[in-house]
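Taking it in order: structure first as structure tokens, then the write-up.
The values are calculated or read from the model by the stated rules, or taken from the named source; none is laboratory data. It should be emphasised that the depicted structure is a prediction, and the values quoted were computed from it without experimental measurement. Here Cβ is always computed from backbone atoms with ideal geometry, including for glycine, and neighbour counts include all displayed protein chains.
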Amino acid sequence: MKLSIICFTEAGARLSVKLIKELLKAGQPCEAYGSEGLIKSCPDGDLMIPVSTSLSEWTKEQFLQKEGIVFVGATGIAVRAIAPFLKSKAEDPAVVVMDDMGRFSISLLSGHLGGANELAEQLAGMAGGQAVITTATDIHGSFAVDLFAKKQGLVITELKKVKMISSAILKGESVGFHCDFPVSGKLPSGLIPGEACNANLWITIKENAKEESLKASLKLVPRLLVLGVGCRKGVPAKTIEKVLDRFFKEWNLSPEALTACASIDLKKEEEGICRFAASKGIPFYTYPAKVLEETEGEFSSSSFVKKVTGVDNVCERAALTCVKELGGGKLLVKKQAADGVTAAVAVRDWKVQLDSLDSLGGNI
């Protein structure tokens, strides 16, 4: 987590220096800011960066660049500073407020998804103070679905439904638990496997399934799919995206499940594929023909493709090569072709790990 700390008093500057030393020692990227006067009057103030803009401008910049912001000062200052830049749970950075004596470390914003609760605990430990956590599931020791999703690497498809799950848990109501993958460990209290309840969780890579007919279901998507792709030279990104979107719909696969795409190294600078990968925020891996040829499996062979690339199949072999490199998996969808684009999908081996309290975000 990339952090920024800002202070407003001499005591706050001393605390900021203490924190930045501890954080950097722990390998945590961090910058501390204060006015030029505070920096000059503080021992080791040279570790801090002078603020030359207004607090509003500084905060705006940090929201764009950092994953966590720590205000050493009054809570009101922090609230007024961040208010104009708040967007959503999925985008806002973690925000923590500390008094300048380090007595209290308050998780103010993005407690679960942004990691502010953990950050508040960490800073309290460094300052010898008390963390203040107000998220309901934490103070009641209950299952927190957003924290669970974060730690399991799951995409929350509808953030507004997180409240639905948390509300049911806090009321003592049962939540249906539906999962298309193996589960290791004991489910937390309140989650009922395979049962349709008023609120339900569904872990899947499918775009649509019978669980969607449940009265209320929050879909969590694991990033497990590796897309093997090939194309004629010069096929534009729009065409590639159109073909692949249609391909995913036909095979009932969720686009949120994509974790990488792969091809032969002849395509490592293919603009259409590169732009597609960038638009999805996924890495693009490429492999020499020799490596693809050595990958074991049953593939759709093409003498024409072999003549051009040196290997009989690109998309299937690339998908399987990549998924094995990422920890293991299997080919899920064999070669599909349209409009000069070929694609195949491999899925990573994965299971839900519920072996410790830390992975649940609450009590078992």
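Checking G234 against (1) assigned to a loop (DSSP other than H, G, I, E, B); (2) more than 24 Å from the chain's Cα centre (by Cα); (3) assigned by TED's automatic domain parsing to the domain that holds A149, only one condition comes out false. Which one?
Exception for G234: condition (3).
Quick one: which of H140, H112 is buried (at least 21 other Cβ atoms within 10 Å of the Cβ), out of contact with any His (no Cβ under 7 Å at 6 or more places or on another chain) and closer than 30 Å to M101 by Cβ?
Values: H140 fails: buried (at least 21 other Cβ atoms within 10 Å of the Cβ).
Answer to the check: H112.
Would you please name the residue that is surrounded by the fewest Cβ atoms within 10 Å (Cβ to Cβ), looking only at residues in the stretch 7-40 that are within 17 Å of V72 (Cα to Cα) and either among the small types (G, A, S) or not assigned by TED's automatic domain parsing to the domain that holds L64 (or both)?
First, the residues of the stretch 7-40 that are within 17 Å of V72 (Cα to Cα): 7-23, 30-39.
Next, from what is left, pick out any that are either among the small types (G, A, S) or not assigned by TED's automatic domain parsing to the domain that holds L64 (or both): 11-13, 16, 32, 34-35, 37.
Details: A11: 16, G12: 24, A13: 28, S16: 29, A32: 28, G34: 26, S35: 16, G37: 12.
Among them, the one singled out is G37.
Do any strands (runs of 3 or more DSSP E) lying entirely in the stretch 312-360 carry at least 1 residues that are modelled with pLDDT of 95 or more and buried (at least 23 other Cβ atoms within 10 Å of the Cβ), and which ones are they?
Details: elements: 329-338, 341-348, 352-354.
Those strands (runs of 3 or more DSSP E) span 341-348.
Collect the residues in the stretch 92-109 that are crowded, with 24+ Cβ neighbours inside 10 Å and among the β-branched types (V, I, T), keeping them in residue-number order.
V95, V96, V97
Let's see how each residue does on (1) modelled with pLDDT under 90; (2) assigned to a strand (DSSP E or B):
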residue: T137; (1), (2): yes, no
residue: G141; (1), (2): yes, no
residue: V155; (1), (2): no, yes
residue: I169; (1), (2): no, no
residue: P188; (1), (2): yes, no
residue: W202; (1), (2): no, yes
residue: N208; (1), (2): yes, no
residue: K219; (1), (2): no, yes
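Please state which one of M1, M48 is under 19 Å from E118 (Cβ atoms) and crowded, with 16+ Cβ neighbours inside 10 Å.
Values: M48 fails: under 19 Å from E118 (Cβ atoms).
Sole residue among the options that is under 19 Å from E118 (Cβ atoms) and crowded, with 16+ Cβ neighbours inside 10 Å: M1.
Mind telling me which of the residues F143, F177, F148, F181 ends up being aromatic (F, W, Y) and in contact with a helix residue (DSSP H, G or I) (Cβ under 7 Å, 6 or more places away or on another chain)? Quick ask: steps written out before the conclusion?
Working: F177 fails: in contact with a helix residue (DSSP H, G or I) (Cβ under 7 Å, 6 or more places away or on another chain); F148 fails: in contact with a helix residue (DSSP H, G or I) (Cβ under 7 Å, 6 or more places away or on another chain); F181 fails: in contact with a helix residue (DSSP H, G or I) (Cβ under 7 Å, 6 or more places away or on another chain).
When all the criteria are applied, what remains is F143.
Report yes if N252 is outside the structural domain of E207 (by TED's automatic domain parsing) and on the phi > 0 side of the Ramachandran plot, otherwise no.
Working: outside the structural domain of E207 (by TED's automatic domain parsing): yes; on the phi > 0 side of the Ramachandran plot: yes.
For N252, the condition - outside the structural domain of E207 (by TED's automatic domain parsing) and on the phi > 0 side of the Ramachandran plot - is met.
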